[in-house]
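**Student:** Input: one structure, supplied below.
The values are calculated or read from the model by the stated rules, or taken from the named source; none is laboratory data. Computed from a prediction, not measured in an experiment: that's the story for all the values here. For neighbour counting, all protein chains shown are included, and Cβ atoms are generated from backbone atoms with ideal geometry for every residue, glycine included.
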Amino acid sequence: MATLYGIAGSLGYLVIGTGNLCEAMVGYTTKWGDNSSDLNPIGNFTVDEVLEIGSVLGVPSKILNKAPNDGLGGKTDEEKMGIKYKEIAEMIETGNTEQHAKEEIIKRYKNSKHKREVVPIYKFERKNYLEEEC
């Protein structure tokens, strides 16, 4: 991410995120890594919705049909997590899925809450003249 932001900054560009809603809900993302971007147009779409969008946009099926894989360790995302993206989407959309997956999704959701929130900072009463200027 540091490299992407370095290049973007030198060119006056923004960094676009590629994480989807399913990944975010179970924390399958790296804080300050793939979780960092200036905007993320697919961040509120499930994996299936992202694939649908890709199909409409003409993304080659070779790419759309490739099993999601972070490239670390030779296993797919689903193998590493022990749950399927369809189960995560089902939990998001209906609040229910297979019991074993439901338990894992809830556990991962709770444990990754910090990845979905703005970094907390200590705040105290301070006059900020810049805010008045702008």
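**Student:** Of everything in the stretch 36-65, what is closer than 18 Å to His114 by Cα and touching a helix residue (DSSP H, G or I) at 6+ places or on another chain (Cβ under 6 Å)? Give them in sequence order.
**Tutor:** Asn44
**Student:** While we're looking at this one, here's another question. Could you grab me the full set of residues in the stretch 1-16 that are at pLDDT 95 or above and in a loop (DSSP other than H, G, I, E, B)?
**Tutor:** Scanning the stretch 1-16 gives Gly12, Tyr13, Leu14, Val15.
**Student:** Right, next: Out of all the residues in the stretch 13-52, which are loosely packed, with under 15 Cβ neighbours inside 10 Å and either under 19 Å from Leu72 (Cβ atoms) or among the β-branched types (Val, Ile, Thr) (or both)?
**Tutor:** The answer is Ile16, Thr18, Thr30, Lys31, Trp32, Gly33.
**Student:** Take residues that are within 18 Å of the chain's Cα centre (by Cα) and crowded, with 17+ Cβ neighbours inside 10 Å and tell me which of the helices (runs of 4 or more DSSP H) falling wholly in the stretch 56-132 contain 3 or more. Can you show your working first?
**Tutor:** Values: elements: 61-64, 77-81, 85-94, 99-111.
The qualifying helices (runs of 4 or more DSSP H) are 77-81, 85-94, 99-111.
**Student:** Can you find even one residue in the stretch 61-79 that is touching a strand residue (DSSP E or B) at 6+ places or on another chain (Cβ under 8 Å) and of a type outside the set (Val, Ile, Thr)? Quick ask: steps written out before the conclusion?
**Tutor:** First, the residues of the stretch 61-79 that are touching a strand residue (DSSP E or B) at 6+ places or on another chain (Cβ under 8 Å): none.
No, the stretch 61-79 contains no residue that is touching a strand residue (DSSP E or B) at 6+ places or on another chain (Cβ under 8 Å) and of a type outside the set (Val, Ile, Thr).
**Student:** Kindly indicate which of Thr18, Thr29 is in contact (Cβ under 8 Å) with a residue 40 or more places away in the chain and within 12 Å of the chain's Cα centre (by Cα). Let's see the steps before the verdict.
**Tutor:** Details: Thr18 fails: in contact (Cβ under 8 Å) with a residue 40 or more places away in the chain.
Residue meeting the stated conditions: Thr29.
**Student:** Among the residues of the stretch 21-52, how many are closer than 21 Å to Ala2 by Cα, in a loop (DSSP other than H, G, I, E, B) and not acidic (Asp, Glu)?
**Tutor:** Total meeting the criteria: 13.
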